[in-house]
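The values are calculated or read from the model by the stated rules, or taken from the named source; none is laboratory data. Note that this is a predicted model, so its numbers are computed, not measured. Don't worry about glycine lacking a Cβ; one is built from the backbone with ideal geometry, like all the others, and counts go over all protein chains shown.
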Amino acid sequence: MHQSKIPAFKELSASLIAYKNYCLGQVAIYQGNEFSPYDGDGGGTLHHRTEIARVASFNAIYFSKQTRDSIDELLNTMSGLCNAELYLAAGQEMGDLSESYFGMFERTDKCIDKLYRELNFKA
């Protein structure tokens, strides 16, 4: 089972890192940082939320309840930015969302740390 856990970790970690990069790109856009290496890493929060949920669900057997709960909490929190992006797509003004995106970056990073701890790796 441990052999299967590592590929599951890598797949979930890749999805979480992709979302972290997206959030950093969004922060860069709000700050006017056109030289950010993450500017343009798109897909939207809904896209990333769907991908993280798919990967976590498919590999749930390999993760502890604590890690699964952490991912579920992240997915629930992502809903707020999904709604904000929907309003933006409809042409409504939302103001500066950089703090929201940076907060999601930090939450996602904490989920990755939990994955590392679960595998007994130091992050």
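Quick rundown of the values:
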quantity	calculated
All positions within region 22-51 that are surrounded by fewer than 20 Cβ atoms within 10 Å (Cβ to Cβ), at pLDDT 85 or above and polar (S, T, N, Q)	31, 50
Given (1) surrounded by 14 or more Cβ atoms within 10 Å (Cβ to Cβ); (2) part of a loop (DSSP other than H, G, I, E, B), number of the condition residue 96 does not satisfy	(1)
Residue, nearest to the chain's Cα centre (by Cα), within region 99-123, restricted to residues that are basic (Lys, Arg) and assigned to a helix (DSSP H, G or I)	107
Residue count for region 75-93, restricted to those that are part of a helix (DSSP H, G or I) and either within 10 Å of residue 46 (Cα to Cα) or not hydrophobic (A, V, I, L, M, F, W, C) (or both)	12
Subset tally (residues that are without any contact (Cβ under 8 Å) to a residue 60 or more places away in the chain, farther than 17 Å from residue 109 by Cβ, part of a helix (DSSP H, G or I) and in contact with a helix residue (DSSP H, G or I) (Cβ under 7 Å, 6 or more places away or on another chain)) for region 60-74	2
Selected residue (criterion: surrounded by the most Cβ atoms within 10 Å (Cβ to Cβ)) from residues of region 52-84 that are farther than 20 Å from residue 100 by Cα and touching a Phe, Trp or Tyr at 6+ places or on another chain (Cβ under 9 Å)	56
Flag if residue 88 is more than 17 Å from residue 5 (Cα to Cα), loosely packed, with under 15 Cβ neighbours inside 10 Å and modelled with pLDDT of 90 or more	yes
Residue identified as in contact (Cβ under 8 Å) with a residue 24 or more places away in the chain and either hydrophobic (A, V, I, L, M, F, W, C) or at negative phi (or both) among 57, 98, 36	98
